[in-house]
1. Say whether the condition of being of a type in the set (A, V, I, L, M), within 16 Å of the ligand (Cβ to nearest atom) and assigned by TED's automatic domain parsing to the domain that holds ILE231 is met by at least one residue in region 130-140.
2. Filtering region 182-239 down to residues that are of a type in the set (Asp, Glu) and modelled with pLDDT under 80, which residue is nearest to the ligand (Cβ to nearest atom)?
3. Among what's in region 66-112 and is within 14 Å of the ligand (Cβ to nearest atom) and aromatic (Phe, Trp, Tyr), pick the residue that is most open to solvent (accessible area, probe 1.4 Å).
4. On the basis of being at pLDDT 75 or above, surrounded by fewer than 13 Cβ atoms within 10 Å (Cβ to Cβ) and either of a type in the set (Val, Ile, Thr) or in contact with a Leu (Cβ under 8 Å, 6 or more places away or on another chain) (or both), does ILE351 make the cut?
5. Do we find that ALA63 is surrounded by 15 or more Cβ atoms within 10 Å (Cβ to Cβ) and at pLDDT below 95 in this structure?
6. How many residues, within region 131-183, are within 20 Å of ASN85 (Cα to Cα), open to solvent by 40 Å² or more (accessible area, probe 1.4 Å) and touching a residue at least 40 places away in the same chain (Cβ under 8 Å)?
Amino acid sequence: MVALRIRPINDAEIEEGASIVAHKVDDQMVVILDPSEDPDDILRANRSREKTFVFDVAFDHTATQDDVYVATTKNLIEGVLSGYNATVFAYGPTGAGKTYTMLGIDSEPGIYVRTLNDLFNSIEASSDHMAYDVSMSYLEIYNEVIRDLLNPASGFLDLREDAKGGIQIAGITEVSTNNAEEIMELLTKGNRERTQEPTAANKTSSRSHAVLQVTVKQKSRIKNINEEVRIGRLFMIDLAGTERASQTQNRGKRMKEGAHINRSLLALGNCINALSEKGSNRVHYVNYRDSKLTRLLKDSLGGNSRTVMIAHISPASSYFEESRTTLIYADRAKNIKTRVKRNLLNVSYHIAQYTSIIADLRKEIERLKAKIDEQGQNQMKKGEKANIRDIQGASYEFVFFKYM
Ligand SMILES: Nc1ncnc2c1ncn2[C@@H]1O[C@H](COP(=O)(O)OP(=O)(O)OP(=O)(O)O)[C@@H](O)[C@H]1O
(Lines give C-alpha, C1' and ligand atoms only; values in the text may rest on other atoms or scores of the structure.)
Protein backbone atom coordinates (compact mmCIF):
# COMPACT_ATOMS: atom_id res chain seq x y z
CA MET A 1 0.00 0.00 0.00
CA VAL A 2 1.25 3.47 -0.84
CA ALA A 3 -0.30 6.53 0.77
CA LEU A 4 0.47 10.17 0.13
CA ARG A 5 0.18 13.01 2.65
CA ILE A 6 0.38 16.68 1.67
CA ARG A 7 1.12 18.76 4.77
CA PRO A 8 -0.36 22.25 5.29
CA ILE A 9 1.61 25.14 3.78
CA ASN A 10 3.61 26.87 6.53
CA ASP A 11 4.32 30.53 7.41
CA ALA A 12 7.85 30.47 6.04
CA GLU A 13 6.61 29.23 2.68
CA ILE A 14 3.87 31.87 2.57
CA GLU A 15 6.39 34.58 3.51
CA GLU A 16 8.72 33.63 0.69
CA GLY A 17 5.78 34.03 -1.68
CA ALA A 18 5.24 30.37 -2.48
CA SER A 19 1.95 29.28 -4.01
CA ILE A 20 0.18 25.94 -3.54
CA VAL A 21 1.02 23.57 -6.39
CA ALA A 22 0.08 20.16 -4.95
CA HIS A 23 -3.62 19.40 -4.57
CA LYS A 24 -5.61 16.38 -3.50
CA VAL A 25 -8.35 15.80 -6.09
CA ASP A 26 -10.16 12.93 -4.40
CA ASP A 27 -9.44 10.18 -1.85
CA GLN A 28 -6.79 8.70 -4.13
CA MET A 29 -5.79 11.28 -6.69
CA VAL A 30 -3.21 14.05 -6.41
CA VAL A 31 -2.30 16.71 -8.97
CA ILE A 32 0.91 18.71 -9.09
CA LEU A 33 1.36 21.82 -11.18
CA ASP A 34 4.78 22.87 -12.49
CA PRO A 35 5.25 26.50 -11.34
CA SER A 36 8.26 27.14 -13.57
CA GLU A 37 6.37 26.99 -16.83
CA ASP A 38 4.70 30.04 -18.25
CA PRO A 39 0.95 29.82 -17.69
CA ASP A 40 0.38 32.26 -20.58
CA ASP A 41 2.09 30.01 -23.09
CA ILE A 42 -0.96 28.84 -25.05
CA LEU A 43 1.06 26.39 -27.13
CA ARG A 44 1.72 24.35 -24.00
CA ALA A 45 -1.75 23.58 -22.83
CA ASN A 46 -2.47 23.19 -19.12
CA ARG A 47 -2.24 19.45 -19.48
CA SER A 48 1.54 19.50 -19.87
CA ARG A 49 2.01 21.50 -16.68
CA GLU A 50 -0.13 19.19 -14.60
CA LYS A 51 0.83 15.74 -13.52
CA THR A 52 -1.67 13.40 -11.92
CA PHE A 53 -0.82 10.56 -9.55
CA VAL A 54 -3.10 7.94 -8.05
CA PHE A 55 -2.31 6.24 -4.74
CA ASP A 56 -4.15 3.82 -2.48
CA VAL A 57 -5.07 6.76 -0.33
CA ALA A 58 -4.29 10.48 -0.37
CA PHE A 59 -4.44 13.05 2.44
CA ASP A 60 -4.13 16.82 2.47
CA HIS A 61 -4.07 19.52 5.17
CA THR A 62 -7.61 18.59 6.25
CA ALA A 63 -6.61 15.08 7.35
CA THR A 64 -6.22 14.45 11.08
CA GLN A 65 -3.55 12.22 12.62
CA ASP A 66 -6.29 9.69 13.31
CA ASP A 67 -7.48 9.73 9.67
CA VAL A 68 -3.96 8.88 8.54
CA TYR A 69 -3.50 6.19 11.18
CA VAL A 70 -6.87 4.52 10.52
CA ALA A 71 -6.43 4.42 6.74
CA THR A 72 -2.82 3.20 6.73
CA THR A 73 -1.82 1.32 9.86
CA LYS A 74 -4.75 0.29 12.06
CA ASN A 75 -5.58 -2.69 9.86
CA LEU A 76 -2.09 -4.14 10.25
CA ILE A 77 -2.48 -4.76 13.98
CA GLU A 78 -4.66 -7.84 13.74
CA GLY A 79 -2.13 -9.47 11.41
CA VAL A 80 0.80 -8.72 13.71
CA LEU A 81 -1.12 -10.26 16.61
CA SER A 82 -1.61 -13.46 14.64
CA GLY A 83 2.01 -13.83 13.54
CA TYR A 84 2.40 -11.76 10.39
CA ASN A 85 5.04 -9.10 9.73
CA ALA A 86 4.15 -5.55 8.88
CA THR A 87 6.11 -2.39 8.06
CA VAL A 88 5.07 1.23 7.90
CA PHE A 89 7.54 3.77 6.68
CA ALA A 90 7.44 7.50 6.21
CA TYR A 91 9.27 8.77 3.16
CA GLY A 92 9.80 12.24 1.72
CA PRO A 93 11.91 15.38 1.57
CA THR A 94 13.19 17.09 4.66
CA GLY A 95 10.50 19.14 6.40
CA ALA A 96 7.60 17.44 4.60
CA GLY A 97 6.04 15.96 7.76
CA LYS A 98 7.44 12.44 8.26
CA THR A 99 8.21 12.79 11.98
CA TYR A 100 4.87 14.54 12.46
CA THR A 101 3.07 11.51 10.98
CA MET A 102 5.08 8.87 12.84
CA LEU A 103 5.78 10.43 16.26
CA GLY A 104 3.49 13.46 16.16
CA ILE A 105 3.31 16.09 18.84
CA ASP A 106 1.92 15.80 22.40
CA SER A 107 -1.51 17.16 21.48
CA GLU A 108 -1.61 15.25 18.18
CA PRO A 109 0.20 11.93 18.67
CA GLY A 110 1.20 10.05 15.58
CA ILE A 111 1.22 6.47 14.33
CA TYR A 112 3.64 5.07 16.97
CA VAL A 113 1.36 5.91 19.91
CA ARG A 114 -1.91 5.10 18.19
CA THR A 115 -0.61 1.72 17.03
CA LEU A 116 0.76 0.76 20.43
CA ASN A 117 -2.45 1.80 22.18
CA ASP A 118 -4.59 -0.28 19.84
CA LEU A 119 -2.15 -3.19 20.01
CA PHE A 120 -2.41 -3.34 23.80
CA ASN A 121 -6.17 -2.86 23.77
CA SER A 122 -6.53 -5.84 21.40
CA ILE A 123 -4.22 -7.92 23.59
CA GLU A 124 -6.25 -7.07 26.68
CA ALA A 125 -9.48 -8.02 24.93
CA SER A 126 -8.21 -11.47 23.97
CA SER A 127 -5.88 -12.27 26.84
CA ASP A 128 -8.24 -14.80 28.40
CA HIS A 129 -7.24 -17.43 25.90
CA MET A 130 -3.90 -16.23 24.62
CA ALA A 131 -0.68 -15.21 26.32
CA TYR A 132 1.28 -12.44 24.64
CA ASP A 133 4.83 -11.32 25.03
CA VAL A 134 5.60 -7.94 23.55
CA SER A 135 9.12 -6.60 23.15
CA MET A 136 10.36 -3.47 21.51
CA SER A 137 13.61 -2.04 20.19
CA TYR A 138 14.34 1.42 18.84
CA LEU A 139 17.37 2.21 16.74
CA GLU A 140 18.72 4.74 14.32
CA ILE A 141 20.85 4.36 11.23
CA TYR A 142 23.07 7.40 11.02
CA ASN A 143 25.89 7.68 8.49
CA GLU A 144 25.59 3.92 7.84
CA VAL A 145 26.06 2.90 11.47
CA ILE A 146 23.40 1.51 13.77
CA ARG A 147 22.86 3.01 17.24
CA ASP A 148 20.56 1.71 19.94
CA LEU A 149 18.32 4.63 20.87
CA LEU A 150 17.28 2.89 24.09
CA ASN A 151 20.91 2.41 25.10
CA PRO A 152 23.09 4.84 23.15
CA ALA A 153 26.12 3.98 25.30
CA SER A 154 26.30 0.54 23.66
CA GLY A 155 28.13 1.96 20.63
CA PHE A 156 27.70 0.80 17.06
CA LEU A 157 25.74 -2.40 16.47
CA ASP A 158 26.09 -5.04 13.76
CA LEU A 159 23.45 -6.46 11.45
CA ARG A 160 23.54 -10.26 11.24
CA GLU A 161 21.65 -12.75 9.16
CA ASP A 162 20.38 -15.84 10.97
CA ALA A 163 20.26 -19.37 9.48
CA LYS A 164 16.82 -18.73 7.99
CA GLY A 165 17.89 -15.47 6.35
CA GLY A 166 16.19 -13.34 9.00
CA ILE A 167 17.94 -10.09 9.89
CA GLN A 168 18.99 -9.60 13.50
CA ILE A 169 20.76 -6.73 15.21
CA ALA A 170 23.40 -8.08 17.55
CA GLY A 171 23.25 -6.65 21.07
CA ILE A 172 20.17 -4.44 20.62
CA THR A 173 18.15 -3.64 23.76
CA GLU A 174 14.83 -5.49 23.74
CA VAL A 175 12.37 -3.99 26.18
CA SER A 176 9.55 -6.25 27.33
CA THR A 177 6.46 -4.51 28.49
CA ASN A 178 2.74 -4.64 27.95
CA ASN A 179 2.11 -1.05 28.82
CA ALA A 180 1.68 1.51 26.03
CA GLU A 181 2.44 4.44 28.33
CA GLU A 182 5.71 2.88 29.42
CA ILE A 183 6.65 2.34 25.79
CA MET A 184 5.81 5.93 24.92
CA GLU A 185 8.08 7.14 27.71
CA LEU A 186 10.92 5.02 26.37
CA LEU A 187 10.22 6.24 22.86
CA THR A 188 10.23 9.90 23.77
CA LYS A 189 13.49 9.36 25.65
CA GLY A 190 14.90 7.42 22.68
CA ASN A 191 13.84 10.12 20.28
CA ARG A 192 15.82 12.70 22.22
CA GLU A 193 18.88 10.57 21.51
CA ARG A 194 18.20 10.70 17.80
CA THR A 195 20.62 12.69 15.69
CA GLN A 196 18.79 15.89 14.89
CA GLU A 197 20.21 19.09 13.51
CA PRO A 198 18.68 22.29 12.25
CA THR A 199 18.96 22.67 8.49
CA ALA A 200 17.73 25.60 6.45
CA ALA A 201 14.71 23.53 5.43
CA ASN A 202 13.72 22.23 8.88
CA LYS A 203 14.62 23.49 12.36
CA THR A 204 14.63 20.01 13.86
CA SER A 205 15.65 17.95 10.91
CA SER A 206 16.12 14.24 11.64
CA ARG A 207 19.44 13.29 10.15
CA SER A 208 18.99 9.57 10.62
CA HIS A 209 16.53 6.79 9.82
CA ALA A 210 14.71 5.80 13.04
CA VAL A 211 13.35 2.28 13.32
CA LEU A 212 10.89 1.17 15.98
CA GLN A 213 10.52 -2.59 16.00
CA VAL A 214 7.75 -4.25 17.99
CA THR A 215 7.74 -8.04 18.31
CA VAL A 216 4.62 -9.85 19.48
CA LYS A 217 4.87 -13.50 20.51
CA GLN A 218 1.56 -15.22 20.94
CA LYS A 219 0.81 -18.61 22.40
CA SER A 220 -2.20 -20.30 23.83
CA ARG A 221 -2.60 -20.09 27.60
CA ILE A 222 -3.51 -23.74 27.52
CA LYS A 223 -0.20 -25.50 27.82
CA ASN A 224 0.38 -28.51 25.70
CA ILE A 225 3.34 -30.77 25.10
CA ASN A 226 3.44 -29.37 21.59
CA GLU A 227 3.13 -25.65 21.61
CA GLU A 228 2.73 -23.27 18.68
CA VAL A 229 4.21 -19.81 19.05
CA ARG A 230 3.27 -17.12 16.55
CA ILE A 231 5.71 -14.29 16.08
CA GLY A 232 4.54 -11.06 14.47
CA ARG A 233 6.92 -8.16 13.82
CA LEU A 234 5.97 -4.60 13.22
CA PHE A 235 8.51 -2.10 11.91
CA MET A 236 7.65 1.59 12.07
CA ILE A 237 10.25 3.68 10.30
CA ASP A 238 10.79 7.41 10.12
CA LEU A 239 13.25 7.82 7.26
CA ALA A 240 15.70 10.70 7.08
CA GLY A 241 14.63 13.36 4.63
CA THR A 242 15.68 13.32 1.02
CA GLU A 243 17.29 16.64 0.26
CA ARG A 244 19.24 18.69 -2.18
CA ALA A 245 22.42 20.24 -0.83
CA SER A 246 21.50 23.52 -2.57
CA GLN A 247 18.08 23.64 -0.88
CA THR A 248 19.40 23.19 2.62
CA GLN A 249 22.64 25.15 2.13
CA ASN A 250 24.53 22.27 3.65
CA ARG A 251 28.28 22.33 4.00
CA GLY A 252 30.90 20.06 5.63
CA LYS A 253 29.37 17.64 8.13
CA ARG A 254 25.83 18.25 6.82
CA MET A 255 27.07 17.50 3.31
CA LYS A 256 28.60 14.19 4.42
CA GLU A 257 25.42 13.24 6.28
CA GLY A 258 23.42 14.13 3.20
CA ALA A 259 25.59 11.84 1.11
CA HIS A 260 25.00 8.93 3.51
CA ILE A 261 21.28 9.64 3.75
CA ASN A 262 21.05 9.81 0.01
CA ARG A 263 23.12 6.64 -0.35
CA SER A 264 20.68 4.58 1.69
CA LEU A 265 17.68 6.24 0.08
CA LEU A 266 19.24 5.65 -3.34
CA ALA A 267 19.76 2.00 -2.41
CA LEU A 268 16.14 1.90 -1.25
CA GLY A 269 15.07 3.48 -4.55
CA ASN A 270 17.09 0.93 -6.51
CA CYS A 271 15.44 -1.91 -4.59
CA ILE A 272 12.03 -0.37 -5.21
CA ASN A 273 12.81 -0.08 -8.93
CA ALA A 274 14.06 -3.66 -9.18
CA LEU A 275 11.16 -5.02 -7.14
CA SER A 276 8.56 -3.06 -9.06
CA GLU A 277 9.84 -4.58 -12.29
CA LYS A 278 9.84 -8.12 -10.93
CA GLY A 279 7.38 -10.22 -12.85
CA SER A 280 8.04 -8.28 -16.02
CA ASN A 281 10.22 -9.94 -18.68
CA ARG A 282 13.39 -8.23 -17.54
CA VAL A 283 15.31 -10.01 -14.83
CA HIS A 284 16.31 -7.67 -12.03
CA TYR A 285 18.69 -8.34 -9.23
CA VAL A 286 17.52 -6.71 -6.02
CA ASN A 287 20.61 -5.50 -4.22
CA TYR A 288 19.62 -5.19 -0.58
CA ARG A 289 23.26 -5.24 0.51
CA ASP A 290 23.96 -1.72 -0.73
CA SER A 291 23.01 -0.07 2.56
CA LYS A 292 22.15 -0.91 6.17
CA LEU A 293 18.66 0.41 5.62
CA THR A 294 17.86 -1.91 2.71
CA ARG A 295 19.42 -4.90 4.51
CA LEU A 296 17.17 -4.21 7.47
CA LEU A 297 14.14 -3.68 5.26
CA LYS A 298 14.81 -6.75 3.11
CA ASP A 299 11.83 -8.65 4.49
CA SER A 300 9.60 -5.60 4.46
CA LEU A 301 10.20 -4.71 0.85
CA GLY A 302 10.38 -7.88 -1.14
CA GLY A 303 9.50 -10.57 1.29
CA ASN A 304 7.32 -11.56 4.09
CA SER A 305 5.64 -8.38 5.27
CA ARG A 306 2.60 -6.25 4.72
CA THR A 307 4.17 -2.92 3.84
CA VAL A 308 2.75 0.57 3.87
CA MET A 309 4.68 3.52 2.53
CA ILE A 310 3.45 6.96 3.51
CA ALA A 311 5.05 9.47 1.17
CA HIS A 312 5.07 13.10 2.28
CA ILE A 313 5.21 16.32 0.33
CA SER A 314 4.83 20.05 0.94
CA PRO A 315 2.17 21.77 -1.17
CA ALA A 316 4.44 24.79 -1.78
CA SER A 317 5.79 25.82 -5.19
CA SER A 318 9.28 26.20 -3.65
CA TYR A 319 9.24 22.46 -2.96
CA PHE A 320 8.07 21.51 -6.45
CA GLU A 321 11.18 19.55 -7.52
CA GLU A 322 11.28 17.52 -4.28
CA SER A 323 7.55 16.86 -4.45
CA ARG A 324 7.73 15.74 -8.06
CA THR A 325 10.56 13.26 -7.42
CA THR A 326 8.81 11.98 -4.27
CA LEU A 327 5.60 11.40 -6.22
CA ILE A 328 7.48 9.50 -8.93
CA TYR A 329 9.33 7.42 -6.32
CA ALA A 330 6.11 6.61 -4.45
CA ASP A 331 4.36 5.81 -7.72
CA ARG A 332 7.06 3.21 -8.45
CA ALA A 333 6.60 1.62 -5.04
CA LYS A 334 2.96 0.82 -5.84
CA ASN A 335 4.09 -2.05 -8.07
CA ILE A 336 5.87 -3.94 -5.32
CA LYS A 337 4.13 -7.13 -4.36
CA THR A 338 4.95 -8.95 -1.16
CA ARG A 339 3.87 -12.40 -0.14
CA VAL A 340 3.10 -12.75 3.52
CA LYS A 341 3.19 -15.88 5.58
CA ARG A 342 2.57 -16.45 9.24
CA ASN A 343 5.69 -16.90 11.40
CA LEU A 344 5.22 -20.06 13.44
CA LEU A 345 7.55 -21.66 15.90
CA ASN A 346 6.78 -25.10 17.23
CA VAL A 347 8.02 -25.81 20.70
CA SER A 348 8.02 -29.44 21.78
CA TYR A 349 8.36 -29.92 25.52
CA HIS A 350 10.43 -32.65 27.07
CA ILE A 351 8.94 -34.92 29.78
CA ALA A 352 11.19 -33.22 32.33
CA GLN A 353 9.30 -30.00 31.67
CA TYR A 354 5.88 -31.51 32.41
CA THR A 355 6.03 -30.45 36.07
CA SER A 356 6.43 -26.86 34.98
CA ILE A 357 3.52 -27.23 32.55
CA ILE A 358 1.36 -28.62 35.37
CA ALA A 359 2.41 -25.75 37.63
CA ASP A 360 1.46 -23.29 34.90
CA LEU A 361 -1.89 -25.00 34.47
CA ARG A 362 -2.56 -24.76 38.21
CA LYS A 363 -1.73 -21.06 38.10
CA GLU A 364 -4.08 -20.61 35.18
CA ILE A 365 -6.91 -22.39 37.06
CA GLU A 366 -6.30 -20.13 40.07
CA ARG A 367 -6.39 -17.07 37.83
CA LEU A 368 -9.67 -18.16 36.26
CA LYS A 369 -11.19 -19.00 39.66
CA ALA A 370 -10.27 -15.57 40.97
CA LYS A 371 -11.78 -13.99 37.89
CA ILE A 372 -15.03 -15.91 38.32
CA ASP A 373 -15.20 -14.93 42.00
CA GLU A 374 -14.60 -11.32 41.08
CA GLN A 375 -17.31 -11.42 38.43
CA GLY A 376 -19.68 -13.06 40.90
CA GLN A 377 -19.02 -10.35 43.49
CA ASN A 378 -19.57 -7.62 40.95
CA GLN A 379 -22.90 -9.09 39.98
CA MET A 380 -23.95 -9.41 43.63
CA LYS A 381 -23.01 -5.78 44.12
CA LYS A 382 -25.22 -4.83 41.23
CA GLY A 383 -28.05 -6.52 43.09
CA GLU A 384 -28.54 -9.15 40.50
CA LYS A 385 -29.63 -12.44 41.95
CA ALA A 386 -27.38 -14.55 39.85
CA ASN A 387 -26.71 -18.01 41.10
CA ILE A 388 -22.93 -17.92 41.54
CA ARG A 389 -22.70 -21.65 42.02
CA ASP A 390 -24.23 -22.18 38.62
CA ILE A 391 -21.83 -19.73 37.03
CA GLN A 392 -18.86 -21.34 38.75
CA GLY A 393 -19.99 -24.83 37.92
CA ALA A 394 -20.41 -23.94 34.28
CA SER A 395 -17.07 -22.14 34.13
CA TYR A 396 -15.14 -24.96 35.77
CA GLU A 397 -16.70 -27.33 33.32
CA PHE A 398 -15.53 -25.04 30.56
CA VAL A 399 -11.97 -24.94 31.93
CA PHE A 400 -11.97 -28.70 32.36
CA PHE A 401 -13.21 -29.16 28.84
CA LYS A 402 -10.46 -26.90 27.49
CA TYR A 403 -7.73 -28.92 29.17
CA MET A 404 -8.97 -32.29 27.94
N1 LIG B 1 0.20 17.51 8.78
C2 LIG B 1 0.79 18.48 9.49
N3 LIG B 1 0.05 19.34 10.22
C4 LIG B 1 0.62 20.31 10.96
N5 LIG B 1 1.94 20.51 11.03
C6 LIG B 1 2.75 19.69 10.33
C7 LIG B 1 2.22 18.63 9.53
N8 LIG B 1 3.24 17.98 8.95
C9 LIG B 1 4.36 18.60 9.37
N10 LIG B 1 4.08 19.62 10.20
C11 LIG B 1 5.06 20.51 10.83
O12 LIG B 1 6.08 20.82 9.87
C13 LIG B 1 7.39 20.79 10.45
C14 LIG B 1 8.29 19.77 9.74
O15 LIG B 1 7.73 18.49 9.90
P16 LIG B 1 8.59 17.19 10.29
O17 LIG B 1 9.65 17.51 11.29
O18 LIG B 1 7.64 16.13 10.61
O19 LIG B 1 9.30 16.92 8.88
P20 LIG B 1 10.21 15.69 8.46
O21 LIG B 1 9.72 15.25 7.14
O22 LIG B 1 10.28 14.67 9.54
O23 LIG B 1 11.61 16.42 8.27
P24 LIG B 1 13.12 15.81 8.39
O25 LIG B 1 13.30 14.82 7.33
O26 LIG B 1 13.98 17.03 8.17
O27 LIG B 1 13.25 15.28 9.77
C28 LIG B 1 7.18 20.45 11.91
O29 LIG B 1 7.18 21.65 12.64
C30 LIG B 1 5.82 19.80 11.95
O31 LIG B 1 5.19 19.97 13.21
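The values are calculated or read from the model by the stated rules, or taken from the named source; none is laboratory data. Treat the numbers as computed from the prediction; the structure is a model and nothing was measured. Note: ideal-geometry Cβ built from the backbone for every residue, glycine included; neighbour counts use all protein chains shown. Ligands, DNA and RNA are stripped out before the accessible areas are found, and what is left, the full protein with its side chains, is counted by its heavy atoms. Shrake-Rupley method; radii C 1.70, N 1.55, O 1.52, S 1.80 Å.
1. no
2. So the residue we want is GLU197.
3. Looking at residues that are within 14 Å of the ligand (Cβ to nearest atom) and aromatic (Phe, Trp, Tyr), I get TYR100.
4. Criteria not met by ILE351.
5. Considered against the rule, which asks whether it is surrounded by 15 or more Cβ atoms within 10 Å (Cβ to Cβ) and at pLDDT below 95, ALA63 comes out as no.
6. 6
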